[in-house]
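The values are calculated or read from the model by the stated rules, or taken from the named source; none is laboratory data. On a predicted model such as this, the values are computed, not experimentally measured, just so you know. When we count neighbours, we look across all protein chains shown, and the Cβ atoms used for this are built from the backbone with ideal geometry, even at glycine. These accessible areas exclude ligands, DNA and RNA; they are computed on the full protein's heavy atoms, side chains included. Shrake-Rupley method; radii C 1.70, N 1.55, O 1.52, S 1.80 Å.
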Amino acid sequence: MVATGTENQSGKAFYVTTPIYYVNDAPHLGHAYTTVAGDVLTRWRRQRGEQVWFLTGTDEHGQKVLRTAEAKGVTPQEWCDKLVEEAWKPLWRHLEIANDDFIRTTEKRHTDRVREFVQDLYDKGEIYKGGYQGPYCVGCEEYKLPGELIAGEGEYTGKQLCPIHKRPVEILKEENYFFKLSEYGDKLLAHYEANPGFIQPESARNEVVSFVRQGLQDLSISRSTFDWGVPIPWDDEHVIYVWVDALLNYATAVGYNQNQDKFDASFPADVHLLGKDILRFHAVIWPALLMANGLRLPGRIVANGWLLVGGEKMSKSNLTGISPRDITSHFGVDAFRWYLLRAIAYGQDGSFSWEDLAARYTSELANDYGNLASRVAAMVGKYFDGVLPEASADGDAEKAIHDGLAKAVADADRKIGDDVEFQAGLQAIFDFVKQVNGYISEQEPWKVAKDDSPEGRARLATILYTAAESLRAVAVLLNPFMPASSQRLWESLGAEPALGPLAGQRVQDAGEWGRLPAGATVTKGAILFPRLEDKPTA
């Protein structure tokens, strides 16, 4: 992936969004994947010293939510309120998601602005009334093209299925209002060509370009067969199509038609993070709506791949949904956050398995990283009574560490902060962790400690300072991914001031050698990543 060069305009916050999620059920691992990615990107950019705004939320209108509420015997609003307050918000707090705002599409600050936006389009002649009949997937809340459908098997033999949800589509016929999407194909293609980094990864961009080149159909933007939605302002027999309603959250949450100063300081989003199954809504419909209303387009639309379990996309409808708490209760929140972005290249499909997480946890977190922190603290305690010594005997081995850190910081900053390639950024950081482990093995401080001469003591001090200072930098670099363990490591090193962007611990400064002062009190606290028993069996 490559940066577009349009982000972080002067006076504008770096604006990051996740999709807003349907509240027809509790969040699963797939929802957490995108949200953790948004949180890490946000934290990283904050650690650059930048002003950042991070938005997430819930999509609460539409037929899918309505049917779920009816099945539960409650009103749609009651169901949404229950799920948001008892499932969605608590999970994001549990996963240390540091969002600045949480938008709900049933909030008045949103619904009023949606009506105004659609009214503006109508007044400009961008919307007309017509009829439509076609296959509709309630799970996707989307009309499907006949060529997209797949033939059913087994209990669904003879029926046409949604390729994503593997459920039969419904043939709907209703009178709707339509947005003139077909008039924006050439404009969209021109924008894609002029901004090659607008859609990422490249495979996603190619898919969208191919789709638009086939020709766009006008978009039905209303529904008249149910009433759970935002009413069309000029015709209350219709509600606004849930996807038009939902996409506008990115504008309404930052003050569209309500707080112009905030809107100008935030909009448009610099990075929209989303699952590839909703790519067309964000890369085709959303920019076309913005063009039609004369608003600026987002900087980048970055689609992550699917998390697969047993070869199937993770979702409740496919019975592959996994609760994040099932994982964090065993491995902890930090390891969960780290694994999601370490195991799979962002933008590609990847398989989740308990066994892979356990193996990576043991190898990289417990052995490489956690054991390094414990060994260094223990040796400073044993040989220098817990007081970090001064390095006074640097040599070629130490220069290699200094150079390795500078490279790790530069590579990680570019990959994570600019390119949104979390796996590659983490690889750069953990390559450095391995380098420091190798340095300790080669220098053998436990043998050097047997030399009581001034030269021997100076050499031992230099080795342990080098290792501790390396860990100080690693704590800064891993803080966006694993804030709790990074804070524990920071405190064990006696580092000052507090860890985090508000205390001035910037990514750029992580590679500035010597920021951990000699004389700091180093303590061996609790093990960062203790070894775990195998997954308990039922």
- Determine the order of Thr111, Thr157, Thr56 by accessible area, beginning with the largest, at a probe radius of 1.4 Å. Thr157, Thr111, Thr56
- Query: What relative contact order, as a whole-number percentage, does segment 151-281 give when Cα pairs under 8 Å and 6 or more residues apart are counted?
  - Reply: 19 percent
- Query: Given a Förster distance of 35 angstrom, what is the FRET efficiency for Arg109 paired with Arg67, based on the Cβ-Cβ distance and rounded to 0.05?
  - Reply: 0.85
- Return an integer: the convex hull volume of the alpha-carbon atoms of segment 139-199, in Å³ per residue. 134 Å³
- Query: Where in segment 380-395 does the amide nitrogen come within less than 20 Å of the point 7 Å from the Cα of Lys450, taken along Cα to Cβ?
  - Reply: 380, 382-384
- Task: Give the percent of DSSP beta bridges with both residues in the chain that are antiparallel, rounded to the nearest 5.
- Result: 50 percent
- Query: What residues of segment 233-257 lie in the reach of a label at Glu148, counting those whose backbone N is under 15 Å from a point 7 Å from the Cα along Cα→Cβ?
  - Reply: 242-244
- Lys/Arg Cβ at +1, Asp/Glu Cβ at -1, dipole of the chain taken about the Cα centre: which of Ile171, Pro389, Ala26 is farthest positive-ward? Pro389
- Message: Using only the alpha-carbon atoms, what does segment 399-441 span along each of its principal axes? Please give whole angstrom values in decreasing order.
- Response: 33, 17, 7
- Computed over segment 327-454, the distribution of all Cα-Cα distances in 5 Å bins, rounded to whole %, is 2, 9, 15, 18, 18, 14, 11, 7, 4, 2, 0, 0
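Taking a threshold of 22 Å on the Cα-Cα distance, which of the pairs Lys407/Lys450; Lys129/Lys159; Lys124/Lys187; Lys64/Lys173; Lys64/Lys187 fall above it?
Working: Lys407/Lys450 34 Å; Lys129/Lys159 30 Å; Lys124/Lys187 18 Å; Lys64/Lys173 18 Å; Lys64/Lys187 32 Å.
Lys407/Lys450; Lys129/Lys159; Lys64/Lys187, as the Cα separations exceed 22 Å there.
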- Where only alpha carbons of segment 31-120 are counted, the Rg and the Dmax (Å): 15.7, 49
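Does segment 125-250 classify as rounded, prolate or oblate by the C-alpha gyration tensor (a ≥ b ≥ c root eigenvalues; a/c under 1.5 gives rounded; else a/b over b/c gives prolate, otherwise oblate)?
Verdict is oblate for segment 125-250.
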- Message: Quick check: the angle from helix 333-342's long axis to the longest principal axis of the chain, C-alpha only, nearest 10 degrees?
- Response: 70 degrees
- Acute angle (nearest 10 degrees) that the helix 202-213 long axis makes with the longest principal axis of the chain, alpha-carbon atoms: 10 degrees
- Message: Using a 1.4 Å probe on the protein heavy atoms only, what accessible surface does Asp25 show? Give it in Å² to the nearest 10.
- Response: 60 Å²
- Item | Cα shape, segment 83-178, gyration tensor, a/c 1.5 rule | oblate
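Could you work out the helix-only [θ] at 222 nm for the chain, with each DSSP H run of four or more residues adding -39,500 (n - 2.57) and the total divided by the number of residues, to the nearest 500 deg cm²/dmol? Walk me through the numbers on the way to the answer.
Working: 21 runs with 226 residues, N = 538.
Computed mean residue ellipticity for the chain: -12500 deg cm²/dmol.
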- Convert each backbone phi in segment 20-33 into a coupling constant with the Karplus relation 6.51 cos²θ - 1.76 cosθ + 1.60 (shift: θ = phi - 60°), then list the ³J(HN,Hα) values in order as whole Hz, x for Gly and Pro. 8, 9, 4, 9, 6, 7, 6, x, 10, 4, x, 5, 5, 4
- Note on the structure: Per the Cα gyration tensor, segment 257-307 corresponds to an equivalent ellipsoid with semi-axes, largest first in Å, of 23, 13, 8
- Nearest 10, in degrees from 0 to 90: the angle of helix 371-384 to the longest Cα principal axis of the chain is 30 degrees
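Within the P(r) computed for the chain, what percentage of the Cα pairs occupies the region above 33 Å?
Working: 66571 of 144453 pairs.
Of the Cα pairs, 46 percent sit more than 33 Å apart.
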- Mean projected area, convex hull of alpha-carbon positions in segment 452-520, reported to one decimal in nm², is 4.7 nm²
- Query: Taking H as built 1.01 Å from N, whose amide H comes closer than 5 Å to the amide H of Glu142, not counting residues under 5 places away?
  - Reply: Cys137
- Query: From the square roots a ≥ b ≥ c of the eigenvalues of the alpha-carbon gyration tensor of segment 95-146, which class results: rounded (a/c under 1.5), prolate (a/b over b/c), or oblate?
  - Reply: oblate
- Task: Kindly point out, ordered by number, any Cys in the chain whose beta-carbon has no other cysteine beta-carbon under 4.7 Å away.
- Result: Cys80
